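Enquirer: Structure provided below as structure tokens; questions to follow.
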Amino acid sequence: MNSTQNKNIQDLLREVTDPEIPVLSIMDMGVVRDVEVNGKSVLIKITPTYSGCPAMDTIATDIKLKLDEAGYDTTVKLILSPAWTTDWITKKGRAELEKYGIAAPLDETSDKHALIDGKRIVKCTNCGSTNTKMVSQFGSTACKALFQCEDCLEPFDYFKCLK
Amino acid sequence: MKDKLYEYLLMLGDNSMVLGHRLSELCGHGPSLETDIALTNISLDLFGQVRSYFQYAAEIKGGDVTEDSIAFLRFDRDYRNVILVEQPNEDFAHVIGRQFLFDAFHLPLLEQLMESNDEMIAAIAAKSIKECRYHLRFSSSWVKRLGDGTMESKIKMQSAMNHFFPFVSELFRETSIEKEMKELGVGADLKMIKEVFDEKVKEVFFESTLEIPQSSSRQTNGKTGIHTEQMGFILAELQYMQRAYPNMQW
Ligand SMILES: [Zn+2]
């Protein structure tokens, strides 16, 4: 594959977003695991964040539409191994999550402190205070927990650490 | 061998599917918003795992078989889930009790399956185990809250556990297929899982101030397709769309 073509595909993939977190490109989400190009035919391997993530089918369709439109013949394959981890969310992805109002995942140990021991360490996405409490370990989607800031009272999602 | 692997995948998938269905019945009916969301999220995780198992099973079976036909077009005798997971929701203590007992079995099961020499099973297990840890954390914390809660919540939690305990032994009673899969290094060793399960039950019951029921076990055989009448009601709802509108897709 030539590098212009590769860059072109990467750029197109960057325009595909997670339908549940529309600010986040699937590249920054870390779900694109491999890109194989052979002339005009492209094989994209993606991995689900959570097994039941209903966004995966939509993401696969969006990738195919986007690349086919640009003249490629695209196949999208779902792979399970190695299993996705929140460590694969890029720095840019984390920043975009925060801007969107979702607190980015902490490291594994801090995550446990926040979710099990009720330690106040998750930063409010609205005012930055760490005086926050967990409202529910399960949030609006499987990957999130619900928090509330005790200073500005803003409720917000926290993206749970997955290792 | 292929047929047996297929059957084994059904055993793994059907437990998650039937429990996932029971939990989905609570969508919009949970006792609080928080628990409603938690239970339906767990349901979604389980269904995600089911899809992985059934996609793989369909690949093995070949022909016209798809994940959907496996899920929706079998008769009750062809389902391989244990009786525990088909037990009705009754009240919140029952939902939590059933969930805890299944999670405490499911986690060590997945731990072993991660080492399966069948690469696909190992991959599904490695993916699922991350979710299962959250499930067990949720269910065991509620067993403790209810068990060590008010007099009423304690009575309800204890009576739910008394109801479910006779069904526990089936989880560990090895069928010929499970034995063969274990010996091939594909499946799990139920004896080892039972040790971890018993430890966990002891720990959580102690903290919950609940009594471990000493009730005799029932000779249930869900894994070979002998179900209770509950299964008929479950399938009537689960299969309605595919039976009424064959081959319909969302
Ligand atoms: Zn705040």
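Enquirer: Scan B:16, B:116, B:24, B:43 and give me the residue that is in contact with a helix residue (DSSP H, G or I) (Cβ under 6 Å, 6 or more places away or on another chain), more than 22 Å from residue A:47 (Cα to Cα), within 14 Å of another protein chain (Cβ to nearest Cβ) and among the polar types (S, T, N, Q). I'd like the intermediate steps shown before the answer.
Expert: Values: B:16 fails: more than 22 Å from residue A:47 (Cα to Cα); B:116 fails: more than 22 Å from residue A:47 (Cα to Cα); B:43 fails: more than 22 Å from residue A:47 (Cα to Cα).
Going through B:16, B:116, B:24, B:43 in turn, the sole match is B:24.
Enquirer: Also: Among the residues of segment B:32-68, write down those that are under 21 Å from residue B:223 (Cβ atoms) and among the polar types (S, T, N, Q).
Expert: Listed by number, the residues that qualify are B:49, B:52.
Enquirer: With (1) at pLDDT 95 or above; (2) open to solvent by 10 Å² or more (accessible area, probe 1.4 Å); (3) assigned to a helix (DSSP H, G or I) as the list, and residue B:26 as the residue in question, which single condition is left unmet?
Expert: Here residue B:26 meets the rest and fails (3).
Enquirer: Let me ask you something else. Starting from residues that are open to solvent by 40 Å² or more (accessible area, probe 1.4 Å) and within 16 Å of the ligand (Cβ to nearest atom), keep the ones in segment A:126-145 and report whichever is modelled with the lowest pLDDT. Steps first, answer last, please.
Expert: Pass one, segment A:126-145, residues open to solvent by 40 Å² or more (accessible area, probe 1.4 Å): A:126-127, A:130-131, A:133-135, A:140.
Now restrict to residues that are within 16 Å of the ligand (Cβ to nearest atom): A:126-127, A:130-131, A:133-135.
Values: A:126: 94, A:127: 95, A:130: 95, A:131: 96, A:133: 94, A:134: 91, A:135: 88.
Step by step, filter segment A:126-145, then rank; the result is A:135.
Enquirer: Turning to a different aspect of this structure: For segment B:63-97, which residues satisfy the criterion of being touching a Leu at 6+ places or on another chain (Cβ under 7 Å) and within 15 Å of residue B:6 (Cβ to Cβ)?
Expert: Listed by number, the list holds a single entry, B:80.
Enquirer: Scanning segment B:135-159 for residues that are away from every other protein chain (no Cβ under 14 Å), without any contact (Cβ under 8 Å) to a residue 24 or more places away in the chain and over 16 Å from residue B:213 (Cα atoms), which turns out surrounded by the fewest Cβ atoms within 10 Å (Cβ to Cβ)? Spell out how you get there, then give the answer.
Expert: To start, the set of residues in segment B:135-159 that are away from every other protein chain (no Cβ under 14 Å) comprises B:143, B:146-159.
Among the residues that remain, those that are also without any contact (Cβ under 8 Å) to a residue 24 or more places away in the chain are: B:149-152, B:155.
Keeping just the survivors that are over 16 Å from residue B:213 (Cα atoms) gives B:149-152.
Values: B:149: 15, B:150: 9, B:151: 7, B:152: 10.
The residue in question is B:151.
Enquirer: Determine which member of the set A:85, A:61, A:75 is farther than 15 Å from residue A:25 by Cα and within 14 Å of chain B (Cβ to nearest Cβ). Spell out the reasoning first.
Expert: Values: A:61 fails: farther than 15 Å from residue A:25 by Cα; A:75 fails: within 14 Å of chain B (Cβ to nearest Cβ).
The conditions single out A:85.
Residues are listed down the side, and each one gets a yes or a no for (1) within 19 Å of residue B:37 (Cβ to Cβ); (2) within 9 Å of the ligand (Cβ to nearest atom); (3) exposed (fewer than 15 other Cβ atoms within 10 Å of the Cβ); (4) within 14 Å of chain B (Cβ to nearest Cβ):
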position	(1), (2), (3), (4)
A:121	no, no, yes, no
A:124	no, yes, no, no
A:148	yes, yes, no, yes
A:156	yes, yes, no, no
A:160	yes, no, no, yes
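Enquirer: Considering only residues that are in contact with a strand residue (DSSP E or B) (Cβ under 8 Å, 6 or more places away or on another chain), surrounded by fewer than 15 Cβ atoms within 10 Å (Cβ to Cβ) and within 22 Å of residue B:127 (Cα to Cα), which ones fall in segment A:41-93?
Expert: The answer is A:77, A:79.
Enquirer: Keeping to segment A:7-40, report how many residues are surrounded by 21 or more Cβ atoms within 10 Å (Cβ to Cβ) and within 14 Å of chain B (Cβ to nearest Cβ).
Expert: So the count comes out to 1.
Enquirer: If I ask for residues that are among the hydroxyl-bearing types (Ser, Thr, Tyr) and over 14 Å from residue B:182 (Cβ atoms), which ones from segment B:104-128 would you list?
Expert: Passing the criteria: only B:128.
Enquirer: Now a separate question. Sort through B:233, B:197, B:206 and tell me the only one that's assigned to a helix (DSSP H, G or I), free of Cβ contacts under 8 Å to residues at least 40 places away in the same chain and closer than 22 Å to residue B:107 by Cβ.
Expert: Details: B:233 fails: closer than 22 Å to residue B:107 by Cβ; B:197 fails: free of Cβ contacts under 8 Å to residues at least 40 places away in the same chain.
Going through B:233, B:197, B:206 in turn, the sole match is B:206.
Enquirer: Moving to a separate point now. If we scan segment B:65-85, do we find a residue that is free of Cβ contacts under 8 Å to residues at least 60 places away in the same chain, within 14 Å of chain A (Cβ to nearest Cβ) and either touching a strand residue (DSSP E or B) at 6+ places or on another chain (Cβ under 8 Å) or under 30 Å from residue B:153 (Cβ atoms) (or both)?
Expert: no
Enquirer: Any idea which of A:144, A:119, A:160 is in contact (Cβ under 8 Å) with a residue 60 or more places away in the chain and of a type in the set (D, E, K, R)? Working first, answer last.
Expert: Values: A:144 fails: in contact (Cβ under 8 Å) with a residue 60 or more places away in the chain; A:119 fails: in contact (Cβ under 8 Å) with a residue 60 or more places away in the chain.
Going through A:144, A:119, A:160 in turn, the sole match is A:160.
Enquirer: Taking residue A:93 and the conditions (1) out of contact with any helix residue (DSSP H, G or I) (no Cβ under 6 Å at 6 or more places or on another chain); (2) under 21 Å from residue A:50 (Cα atoms), which numbered condition does it fall short on, given that it satisfies the others?
Expert: Going through (1) out of contact with any helix residue (DSSP H, G or I) (no Cβ under 6 Å at 6 or more places or on another chain); (2) under 21 Å from residue A:50 (Cα atoms) one by one, residue A:93 breaks only (1).
Enquirer: Quickly run through segment A:104-119 and pick out the residues that are more than 16 Å from the ligand (Cβ to nearest atom), within 14 Å of chain B (Cβ to nearest Cβ) and hydrophobic (A, V, I, L, M, F, W, C).
Expert: Pass one, segment A:104-119, residues more than 16 Å from the ligand (Cβ to nearest atom): A:105-113, A:115-119.
With within 14 Å of chain B (Cβ to nearest Cβ) added as a condition, the list becomes A:105, A:108, A:111-113, A:115-118.
Hits for segment A:104-119 are A:115, A:116.
The values are calculated or read from the model by the stated rules, or taken from the named source; none is laboratory data. On a predicted model such as this, the values are computed, not experimentally measured, just so you know. Neighbour counts are summed over all protein chains in view; Cβ atoms, including those assigned to glycine, are modelled from backbone coordinates with ideal geometry. Surface accessibility is based on the protein's heavy atoms, side chains included, excluding ligands, DNA and RNA. Shrake-Rupley method; radii C 1.70, N 1.55, O 1.52, S 1.80 Å.
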